[in-house]
Amino acid sequence: MMNFVLTRVLSALPIVPIVSVIVFLLVHAGGSDPSRILAGDTAREEAIAALRHHLALDQPLFRQFAVWFERLLHGDFGSSIFYQRPIIDLVLDRVGATLALAVGVIFLAVAVGVPLGAVTAMSLGSRLDKSLTAIASLGFSLPIFLVAYALVYIFALRLGWLPVQGYISPADSIAGFLRSLILPVMTLGLFYISLFARVTRATVSEILRQDYIKTAAAKGATPGRILFAHALRVAAAPLLTLTGTTFAGLLGGLVVTESLYNIPGLGRLVSEAILKRDFPIIQGLVLITSVFYVSFNLVIDLLCGFFDPRGAR
């Protein structure tokens with residue numbers, strides 16, 4: 001087990017430097033010049049050139065990377081060109097909304113999707129299985145923006161139960177905070193409920209075909225015991241992996257949902273930075289997300305090795 005832990009930790013370490021190089025090259029590959037956007041449409045070439053010099057954008061690319069990477073080694077992600085604030089401060093301001101949204105989506109997906117998948121696996125081929133599988137397939141295939149508009153129309157515009165857009169901090173109002181998250185969580189939750197239900201159904205149905213499950217049934221084990229004591233226990237490792245990768249992916253990929261519901265999270269910060277060619281924000285956010293993604297997957301791998309020692313050998 002110790003060798004497994006050391007192997008996984010050592011294999012994860014080189015990923016972050018590699019990601020930092022790729023991120024830097026990708027951000028600068030487009031050839032966009034943020035100084036032109038910052039200076040404005042009516043700015044003269046001399047003013048733009050002075051601004052480029054001030055931002056060190058006229059330096060060779062390898063020198064810009066060396067300066068950026070040296071700052072990273074000291075924990076400095078740089079400052080935003082447009083907001084004139086440290087990247088880490090912007091991230092701390094926005095991460096709360098994104099984290100709340102991601103946790104809500106994961107909670108909904110696991111709480112509904114896993115039982116749904118387990119029920120369909122236990123009744124494989126039945127009318128219930130076919131009906132629930134069809135519903136899950138529908139939820140999996142619907143575009144997010146279409147689900148968002150449908151939910152807003154029903155629950156906000158027609159019924160008036162929930163706000164159309166916006167985000168309320170829990171520090172201002174707990175009730176308002178929860179109400180502002182319901183529609184965004186439901187919008188993304190429908191997709192991830194379907195995903196978790198499909199993965200659970202496939203995993204559990206495969207486990208139920210194993211010989212030791214048939215032996216347990218022959219010895220008189222009830223369907224509930226077979227499901228909870230055997231099938232779901234073995235299925236915990238792949239479901240845990242799915243939960244981890246989904247959560248880490250949500251933290252870096254909520255651009256559409258946050259934009260649709262006007263939530264000031266990391267997704268919106270990325271979209272704003274791309275539009276303004278704010279390189280330091282893009283580089284910093286992608287790198288922070290990558291570090292989190294690698295760290296989270298490392299923890300998930302170690303937990304999977306704990307639940308299923310066969311994978312750690």
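The values are calculated or read from the model by the stated rules, or taken from the named source; none is laboratory data. Not measured: the values here are computed from a predicted model. No Cβ is skipped: glycine too gets one built from the backbone with ideal geometry, and neighbour counts run over all protein chains shown. Keep in mind that these areas ignore ligands, DNA and RNA; they rest on the heavy atoms of the full protein, side chains included. Shrake-Rupley method; radii C 1.70, N 1.55, O 1.52, S 1.80 Å.
Tabulated data
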{"item": "Residue identified as loosely packed, with under 13 Cβ neighbours inside 10 Å and either under 17 Å from residue 262 (Cβ atoms) or modelled with pLDDT of 85 or more (or both) among 194, 126, 141", "result": "126"}
{"item": "Where residue 169 falls short, out of the listed (1) closer than 29 Å to residue 289 by Cβ; (2) among the hydroxyl-bearing types (Ser, Thr, Tyr); (3) crowded, with 18+ Cβ neighbours inside 10 Å; (4) modelled with pLDDT under 90", "result": "(3)"}
{"item": "Number of the exception - residue 187 against (1) of a type in the set (S, T, N, Q); (2) in contact with an Asp or Glu (Cβ under 9 Å, 6 or more places away or on another chain); (3) surrounded by 18 or more Cβ atoms within 10 Å (Cβ to Cβ)", "result": "(2)"}
{"item": "Residue 98 being under 20 Å from residue 246 (Cβ atoms), of a type outside the set (Gly, Ala, Ser) and more than 26 Å from the chain's Cα centre (by Cα)", "result": "no"}
{"item": "Entirely in the range 68-162, the helices (runs of 4 or more DSSP H) that have 2 or more residues that are of a type in the set (Lys, Arg) and touching a residue at least 12 places away in the same chain (Cβ under 8 Å)", "result": "none"}
{"item": "Close pairs from the range 7-31: first under 14 Å from residue 68 (Cα atoms) and hydroxyl-bearing (Ser, Thr, Tyr), partner in a helix (DSSP H, G or I) and modelled with pLDDT of 75 or more, Cβ under 7 Å, at least 6 apart", "result": "20/69; 20/72; 20/287"}
{"item": "Residues of the range 219-228 classified as open to solvent by 40 Å² or more (accessible area, probe 1.4 Å) and either among the hydrophobic types (A, V, I, L, M, F, W, C) or touching a residue at least 24 places away in the same chain (Cβ under 8 Å) (or both), total", "result": "2"}
{"item": "Some residue of the range 270-278 being surrounded by fewer than 20 Cβ atoms within 10 Å (Cβ to Cβ) and either touching a strand residue (DSSP E or B) at 6+ places or on another chain (Cβ under 7 Å) or β-branched (Val, Ile, Thr) (or both)", "result": "yes"}
{"item": "Which numbered condition residue 205 misses (of (1) more than 30 Å from residue 233 (Cβ to Cβ); (2) at pLDDT below 90; (3) in a helix (DSSP H, G or I))", "result": "(1)"}
{"item": "From the options 101, 72, residue that is of a type outside the set (Val, Ile, Thr), open to solvent by less than 50 Å² (accessible area, probe 1.4 Å) and touching a Pro at 6+ places or on another chain (Cβ under 6 Å)", "result": "101"}
{"item": "Unique match (being over 30 Å from residue 269 (Cβ atoms), among the aliphatic types (A, V, I, L, M) and surrounded by 20 or more Cβ atoms within 10 Å (Cβ to Cβ)) among 248, 216, 236, 231", "result": "231"}
{"item": "Candidates 287, 254 - the one that is modelled with pLDDT under 80, open to solvent by less than 30 Å² (accessible area, probe 1.4 Å) and out of contact with any strand residue (DSSP E or B) (no Cβ under 9 Å at 6 or more places or on another chain)", "result": "254"}
{"item": "Selection within the range 197-213 - surrounded by fewer than 18 Cβ atoms within 10 Å (Cβ to Cβ) and not aliphatic (A, V, I, L, M)", "result": "206, 209, 210, 211, 212"}
